[in-house]
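Structure first, commentary second.
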Amino acid sequence: QVHVVESGGGVVQPGQSLRLSCAASESISGFYIVAWHRQAPGHQREWVASITVDGLTNVTNSVKGRFVISRDYADNTVHLQMNNLKPEDTAVYYCKLATGAGNYWGQGTQVTVSS
């Protein structure tokens, strides 16, 4: 069983930044895709950003130009740098590690953007 732990969430004002981290109990280089998803109250969980084993990144249109996903092999973590946060970014953010055998999810970290 792979353990996934997210951290870095918090309460910020609009326009501020947060950096989320996703740590895994196994090497992140072994996962085909590492992705961030989020779920706001009353909404379905949605994909936000992902990075492949080859380093290819992609983000959803609503965060393009504001969010950046990256990997840190030294710390075995995947980060989501979130800049210019907006109230609509408020959600629980989840990290997902994808393999051919299935997906592993963390428990999530709360991000609240409010003035």
Just grab the label-to-label distance for Ser27 and Gln39, each label 7 Å out from Cα along the Cβ direction, in nm (one decimal). 3.2
Backbone HN-Hα couplings from phi across the range 52-65 [Karplus 6.51/-1.76/1.60, Hz, Gly and Pro as x]: 8, 5, 8, x, 6, 10, 7, 9, 6, 4, 5, 10, 4, x
Residues of the chain: accessible area per residue with a 1.4 Å probe, Å²: 52
Read phi for every residue in the range 71-85 and hand back ³J(HN,Hα) as whole Hz from Karplus 6.51 cos²θ - 1.76 cosθ + 1.60, θ = phi - 60°, with x for Gly and Pro. 10, 10, 5, 4, 9, 6, 9, 10, 10, 10, 7, 10, 10, 6, 5
How much of the accessible area of the chain, in percent, comes from carbon and sulfur atoms when a 1.4 Å probe is used? 47
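Under the Kirkwood approximation for Rh and a Cα-based Rg, what ratio Rg/Rh is obtained for the range 1-108?
My calculation puts Rg/Rh at 0.94.
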In whole Hz, with x marking every Gly and Pro, tabulate ³J(HN,Hα) for the range 100-115 from phi via Karplus 6.51 cos²θ - 1.76 cosθ + 1.60, θ = phi - 60°. x, 8, x, 10, 10, 10, x, 7, x, 9, 7, 10, 10, 10, 8, 8
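The values are calculated or read from the model by the stated rules, or taken from the named source; none is laboratory data. All values reported here derive from a predicted model rather than from experimental measurement. All Cβ positions, even for glycine, are placed from backbone atoms using ideal geometry, and neighbour counts span all protein chains on display. For accessibility, only protein heavy atoms count, side chains too; no ligands or nucleic acids. Shrake-Rupley method; radii C 1.70, N 1.55, O 1.52, S 1.80 Å.
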